[in-house]
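A short write-up of the structure that comes next.
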Amino acid sequence: MIAVCRHCSKCKVNRPRGLCWSCYYTPGVKELYPSTSKYARRGVGNFTGNAPIADAPTTAPPGSPEKLAILEQRAKLKQSLFHPADARFEGDTRPLTFRKDSAVPLGV
């Protein structure tokens, strides 16, 4: 059995996503079909490029349900998952210090 293109259903599949050469390189068609590779990146955080840093650090300790919820929210907003001043252990004061320092206007 020879696989046929998912888009035109005429040509033999010879490109990723189950598409033929013509459909794969036709503008806009490739985006209509998700990757069929088992190695493809999937999920909320599937974006490329430099992500902007999160607005504020979190006091939630690593591995806690609160921290996981914050990571999920940052991924949805396409922000960097980790802030340099995020808490590294329970009771870490680094995020609180960062918030105090950022509240002071620049130049003072």
Which residues, counting only those in the range 11-33, are farther than 24 Å from Met1 by Cα and either touching a Phe, Trp or Tyr at 6+ places or on another chain (Cβ under 6 Å) or buried (at least 16 other Cβ atoms within 10 Å of the Cβ) (or both)? Val29
I'd like the full set of residues that are modelled with pLDDT of 85 or more and of a type in the set (Gly, Ala, Ser), limited to the range 5-60. Ser9, Gly18, Ser22, Gly28, Ala54, Ala56, Ala60
Spot the failing condition for Ile2; the list is (1) modelled with pLDDT of 90 or more; (2) in contact with a strand residue (DSSP E or B) (Cβ under 7 Å, 6 or more places away or on another chain), and only one is missed. (1)
Which residues, taken from the range 1-25, are part of a loop (DSSP other than H, G, I, E, B) and under 26 Å from the mean Cα position of the chain (by Cα)? Tyr25
From the set of residues in the range 69-82 that are more than 11 Å from Ala51 (Cβ to Cβ) and touching a residue at least 24 places away in the same chain (Cβ under 8 Å), which is surrounded by the most Cβ atoms within 10 Å (Cβ to Cβ)? Glu72
From Ala69, Ala56, which residue is out of contact with any Cys (no Cβ under 7 Å at 6 or more places or on another chain) and not in a helix (DSSP H, G or I)? Ala56
Check on Pro105, modelled with pLDDT of 80 or more, part of a loop (DSSP other than H, G, I, E, B) and not β-branched (Val, Ile, Thr): no
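The values are calculated or read from the model by the stated rules, or taken from the named source; none is laboratory data. These numbers come from a predicted model, not from an experiment. Using ideal geometry, Cβ is built from the backbone for each residue, glycine included, and neighbour counts are taken over all protein chains shown.
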